[in-house]
């Protein structure tokens, strides 16, 4: 299938859905409206809401806050994941001792931590960053740990036979291998950074996309909720596209760049 | 002997402790000497421990008994005089062909600016001058072996250890690689220990062919000197009368071991 047809079909799906939504929420079928506007709003209202946000410029502040929170969560979580992952992989004893605790914390649904973080760090951006960090950290940590552990024996032996010292092995073999595993999970970890930020905002904040959605919901403004959802989706798609570009650059040496972790 | 001995295995025994506590003896009392400038090929049936022996010479494995001497000095730790060409892909997948070759020098502390032109020269001499920017996965199996060869040779090791390096390649590529290896080797005649299961390849390349018995507890059961004239062309040398006579002679010994090795491996499979 050519790219043009594919794109046309993709757009067609969106059009069909939106038209159906509009019709079912405005035109009565057998004397009854199937999608009552109070619960489902309608595309026109949602679109108007989005336009209003962008026209008045209020949305930028919220987008900016969510973006900053996501980036901070991603950077801090990744840094911690890389360092601890490396440390555990190189020190099996440490890994063995902490293993049950790592599993325990990872098994915990992160949402329950949100109130605690709000208590500790206040309602500003840092409680959201903390929530995102707990999500990102484990993804990066497990990947880096795996990456260091699963360096090919032959490649390691080759490094040794070429005369590499432990430090050089670290730099030329372990490090690139660990990073490649981390980058292969980039989509997931960036996605989770956004999830952490938005969920945190939703549960208590004064700004951000999650706050916007929560506010709209609080006054039963369904159009506002849907509008927030659409803006959020577009935001995530844009970020994901950015990640794809970064990934293409960083993993050129990989056979399949599109393999998403 | 007038020429110094590059690698000497003296009654080397290699044993592994198995998971259930038993000890598996891979190689028993191996006695082998490779003179400087000599090309020795080790041939044996699958699972006879020939790669194990090579790892002992490399210092990657410690012998359970006996000793390893490199230029008359006992080997402690890794063999720093040796370059090792692995059977499996051993290139760094995150480095380009050029960086993969240059790393050999960079490890020694050569500045990158100096290492890169030399690496390019080596890539050219293995016929990959135009592929410097490619990553290993963009190269064919034969091309990857060429890069690996350049990676090892750029460090100018006194000894070359090769573990079925051309094993994964197709028959034609193997011959081309064999000729390339001989050409490069002819330039400065390093001591070479070349492990293979292919007797023809061994005779075509080596000065001396060493045969190992089927494992476990395999031993070296014979050695034949190959007096075919050098420089050789692998395509041509296979037509030589002497080649055929030698092949027949060695094969008569090797055949029994191959059958034994085969019987043992199927037997072991049944026991499991």
Where Rh is the Kirkwood radius over the Cα pairs of segment A:42-250, the temperature 25 °C and the viscosity 0.890 mPa s, what D in µm²/s does Stokes-Einstein return? 130 µm²/s
Could you give the angle, 0 to 90 degrees to the nearest 10, between helix A:186-203's Cα long axis and the longest principal axis of the Cα atoms of chain A? 50 degrees
I'd like the orientation of helix B:112-125 relative to chain B: the angle between its Cα long axis and the longest Cα principal axis, in ° from 0 to 90, rounded to 10. 60 degrees
In degrees, nearest 10, the alpha-carbon axis of helix A:125-149 is tilted away from the dominant principal axis of the alpha carbons of chain A by 40 degrees
Kirkwood Rh in Å, taken over segment B:165-272 so that all alpha-carbon pairs contribute: 15.3 Å
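May I ask what percent, to the nearest 5, of DSSP beta bridges between residues of chain B are antiparallel?
50 percent
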More than 15 Å apart - percent of Cα-Cα pairs taken over segment A:191-243: 45 percent
In whole Å, what are the extents of the protein assembly as shown along the principal axes defined by its C-alpha atoms, from largest to smallest? 102, 56, 53
Quick P(r) readout (segment A:1-40; Cα-Cα; 5 Å bins; whole %) gives 6, 23, 19, 15, 11, 10, 8, 7, 2
Rounded D (µm²/s) - chain B, Kirkwood Rh over Cα pairs, Stokes-Einstein at 20 °C, 1.002 mPa s: 110 µm²/s
In a Gaussian network model over chain B where Cα atoms closer than 10 Å are linked, find which of B:205, B:75, B:53 has the largest mean-square fluctuation. B:75
Alpha-carbon radius of gyration plus Dmax, which is the widest Cα pair, for segment A:114-174 in Å: 19.1, 55
At 10 °C and 1.306 mPa s, what whole-number value in µm²/s does Stokes-Einstein give for the translational diffusion of segment B:1-73, with Rh from the Kirkwood sum over Cα pairs? 123 µm²/s
Over 19 Å, how big is the tail of the calculated P(r) for segment B:107-251, in percent of all Cα pairs? 58 percent
Would you mind pulling out the separation of the Cα centroids of segment B:45-79 and segment A:190-261, in Å? 57 Å
What would the Debye formula give as log10 I(q)/I(0) at q = 0.17 Å⁻¹ for the alpha-carbon point model of segment B:37-110, no solvent? -0.87
Report, in whole Å, the centroid distance computed from the Cα atoms of segment A:94-162 and segment B:212-261. 56 Å
Normalised by the residues of segment A:42-250, what does the relative contact order come to in percent, with Cα pairs under 8 Å and at least six apart? 29 percent
Normalised per residue, the volume inside the convex hull of the alpha-carbon atoms of segment A:1-100 in Å³ amounts to 264 Å³
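Since every read-out is calculated from the coordinates, none of them should be taken as a lab result. The structure presented is a predicted model; accordingly, all values stated were derived computationally and were not measured.
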